[in-house]
Amino acid sequence: EVYNHLFRRHSVDAVVVPAKVRAAHLAGFVKNSLLADNIGGMWVTIPHKGAILALMDHCDPLPQIAGAVNAVRRNEDGSLEGALFDGIGFVKGLDHFGIEVAGRRVLVVGAGGGGHAVAAALAQRRPGRLAVYNRTASRATALVDRLKPVYGAAVEVASSADPAGYDLIVNCTSQGLMADDPLPFDPARVDTGSAVVDIIMTREPTPLLQACAARGIPAHAGFEMLVQQIPEYLRYFGMQQIAQTLQEDMSEVRAL
């Protein structure tokens with residue numbers, strides 16, 4: 001709905017078509033489809049973002065740490081290269097909101113797929129402290145163990161989801177998708193001057209965002225994370241001109 005509109009609007013000779021692929025057929029579909037000269041790559045979504053990683057010939061560290069890929073392109077030599085733009089979109093969204101990461105204290109709540117991508121991208125920005133909390137502690141530990149060799153000892157497992165003492169708190173759990181979900185952490189414990197980002201994308205503000213707004217805490221929804229990925233996808237697939245045009249003025253993408 002977004003990309004095909006942009007292609008028509010900006011006279012790009014490309015189209016995105018959906019493909020519903022069963023898990024058992026994923027490897028065959030990816031390898032065989034990308035033999036077609038007019039298929040240059042794939043956007044990848046759940047439930048295949050993790051499984052498709054093993055099919056790639058090349059990846060940068062971000063998808064390897066996150067264990068997921070959401071874009072695949074065929075190189076001139078026929079090799080398949082994977083990338084992950086969830087985390088990149090997230091930190092570009094922070095730039096849009098004017099939220100600094102370098103040297104700050106950051107808490108990521110939730111170590112699922114979204115938490116992996118967000119934490120890896122945050123770690124690249126060199127926070128002073130990056131803590132990860134997950135209700136199943138082993139998942140947080142596994143993520144931190146992946147991050148530490150690449151980004152150093154500033155990454156740690158948080159013993160609780162208490163947001164006190166952090167400059168930026170990110171909700172990467174699914175708590176907030178339903179109106180009666182418990183809050184992922186206590187907004188009353190967020191320090192004055194800190195910021196909150198909830199990566200859940202719903203039409204109405206999540207209960208967490210509403211509670212933060214009631215306290216005057218700067219709190220942002222996940223839509224900008226999605227918006228900021230779009231020029232990155234287009235640039236990855238060689239569409240430099242439209243990527244630059246959109247990056248200079250994202251109003252059209254936000255409207256979509």
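Starting from the 7 Å offset along Cα-to-Cβ, what nm value, one decimal, do you get for the label separation of residue 38 and residue 203?
My value for the distance between the label points is 3.6 nm.
Give me the 1.4 Å probe accessible area per residue for the range 1-85, excluding ligands and nucleic acids, in Å².
Here the per-residue accessible area is 61 Å².
With r defined as the distance between the Cβ atoms of residue 5 and residue 244 and R0 fixed at 22 Å, what FRET efficiency is calculated, to the nearest 0.05?
The value I calculate is 0.75.
Can you figure out the FRET efficiency of residue 45 with residue 186, using R₀ = 30 Å and their beta-carbon distance, to the nearest 0.05?
For R0 = 30 Å, the calculated efficiency reads 0.40.
In what order, largest first, do 148, 20 sit by accessible area if the probe radius is 1.4 Å?
20, 148
With springs only between Cα atoms under 10 Å apart, run a GNM on the chain and tell me which of 182, 218, 63 wobbles the most.
Answer for the Gaussian network model of the chain: 182.
Among 201, 178, 56, determine the one that fluctuates most according to a GNM of the chain built with springs between C-alpha atoms less than 10 Å apart.
Residue with maximal mean-square fluctuation among 201, 178, 56: 178.
Once label points are set 7 Å from the Cα along Cα→Cβ at both residue 54 and residue 135, what is their separation, rounded to one decimal in nm?
2.8 nm
In the Gaussian network model of the chain, springs joining C-alpha atoms below 10 Å, which of 97, 29, 223 carries the largest mean-square fluctuation?
In the Gaussian network model the winner is 29.
Arrange the residues 37, 249 by how much accessible surface each exposes, largest first, with a 1.4 angstrom probe.
Sorted descending by solvent-accessible area, the residues read 37, 249.
At 7 Å along the Cα-to-beta-carbon direction for both residue 256 and residue 27, put a label point, then send me their distance in nm to one decimal.
3.5 nm
Would you check the chain for Lys pairs whose C-alpha atoms are within less than 26 Å, ignoring same-chain pairs closer than 8 in sequence, and give me the count?
Pairs that pass both the separation and distance tests number 6.
Rank these by accessible area, largest first, 1.4 Å probe: 234, 256.
The ranking, largest first, comes out as 256, 234.
So how far, in whole Å, is the C-alpha centre of the range 46-122 from the one of the range 196-256?
So the two Cα centres are separated by 16 Å.
The values are calculated or read from the model by the stated rules, or taken from the named source; none is laboratory data. All values derive from a computational prediction rather than experimental measurement. Here Cβ is always computed from backbone atoms with ideal geometry, including for glycine, and neighbour counts include all displayed protein chains. When the accessible area is computed, the model is the full protein with side chains, heavy atoms only, and any ligands, DNA or RNA have been set aside. Shrake-Rupley method; radii C 1.70, N 1.55, O 1.52, S 1.80 Å.
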